[in-house]
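Since the structure comes first, as structure tokens, the remarks are kept for the end.
The values are calculated or read from the model by the stated rules, or taken from the named source; none is laboratory data. From a predicted model like this one, the values you see are computed outputs, not experimental measurements. Here the Cβ is made from the backbone with ideal geometry for all residues, glycine too, and neighbour counts use every protein chain on show.
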Amino acid sequence: MAGHASIFLHLISLYEKNRSMKAFKRWTSWTALAAIVAVTSAYVSESHGTSTAAAPIEITVYKSPTCGCCAKWIEHLTASGFKVTTRNMDNVDPVKDQNHVPATLRSCHTAVVNGYVIEGHVPAADIQRMLREHPKIVGLSVPGMVTGSPGMEGAHAEAYDVVAFGDGKTSVFAKH
């Protein structure tokens with residue numbers, strides 16, 4: 001209630017200073033409209049359960065049921081806010097073939113996210129960047145089993161590239 005009194009006193013002081021009823025009415029009309037919009041927006045957001053937080057990005061990972069580094073990469077994705085669906089399979093090569101992953105870029109697991117293919121231990125931040133930028137590529141790859149990439153942490157991390165691929169071309173998307 002004290003807040004209402006201070007607003008009222010502020011309005012009176014403005015009126016006294018300006019002595020212009022038109023300016024005072026115009027100011028109070030806009031202030032009232034802004035207050036109504038703010039209260040209504042807060043009510044609608046609260047009553048309908050909407051949130052400003054982004055929904056988690058859904059990604060499907062195809063991997064061998066016995067691969068430990070794949071499980072660690074999935075933990076990395078989950079910790080970065082992805083919602084991961086895991087598909088364990090004895091042979092992931094048909095998924096790689098279907099998604100046009102070049103033989104030279106293959107690794108132990110393949111993932112699909114929003115129409116893009118992710119091959120190997122690609123950092124979550126690079127996947128998120130790709131999804132923000134929407135490049136015209138098939139996907140990203142960290143070829144092989146690079147120590148120091150997510151899921152392949154070790155004492156002696158190696159430098160590695162995240163490779164973008166598509167239409168028979170490759171380019172470096174990120175360096176780590």
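Would you call Pro135 farther than 17 Å from Val61 by Cα and modelled with pLDDT of 95 or more? Talk me through it step by step, then tell me what you get.
Values: farther than 17 Å from Val61 by Cα: yes; modelled with pLDDT of 95 or more: yes.
Yes: the conditions hold for Pro135.
How many residues are surrounded by 15 or more Cβ atoms within 10 Å (Cβ to Cβ) and charged (D, E, K, R) if we restrict to segment 117-137?
Residues in segment 117-137 being surrounded by 15 or more Cβ atoms within 10 Å (Cβ to Cβ) and charged (D, E, K, R): 3 in total.
Of the residues Val112, Val101, Val84, Val92, which is aliphatic (A, V, I, L, M), farther than 23 Å from Gly148 by Cβ and in contact (Cβ under 8 Å) with a residue 24 or more places away in the chain?
Every option except Val112 fails the conditions.
Which of the residues that make up segment 124-143 are under 23 Å from Asp97 (Cα atoms) and free of Cβ contacts under 8 Å to residues at least 24 places away in the same chain?
His134
Can you confirm whether Val146 is without any contact (Cβ under 8 Å) to a residue 40 or more places away in the chain, closer than 18 Å to Tyr62 by Cβ and either aliphatic (A, V, I, L, M) or surrounded by 15 or more Cβ atoms within 10 Å (Cβ to Cβ) (or both)?
Judged against the criteria, Val146 is not a match.
If we scan segment 159-170, do we find a residue that is crowded, with 17+ Cβ neighbours inside 10 Å and within 14 Å of Val61 (Cα to Cα)?
So far as segment 159-170 goes, no, none of its residues is crowded, with 17+ Cβ neighbours inside 10 Å and within 14 Å of Val61 (Cα to Cα).
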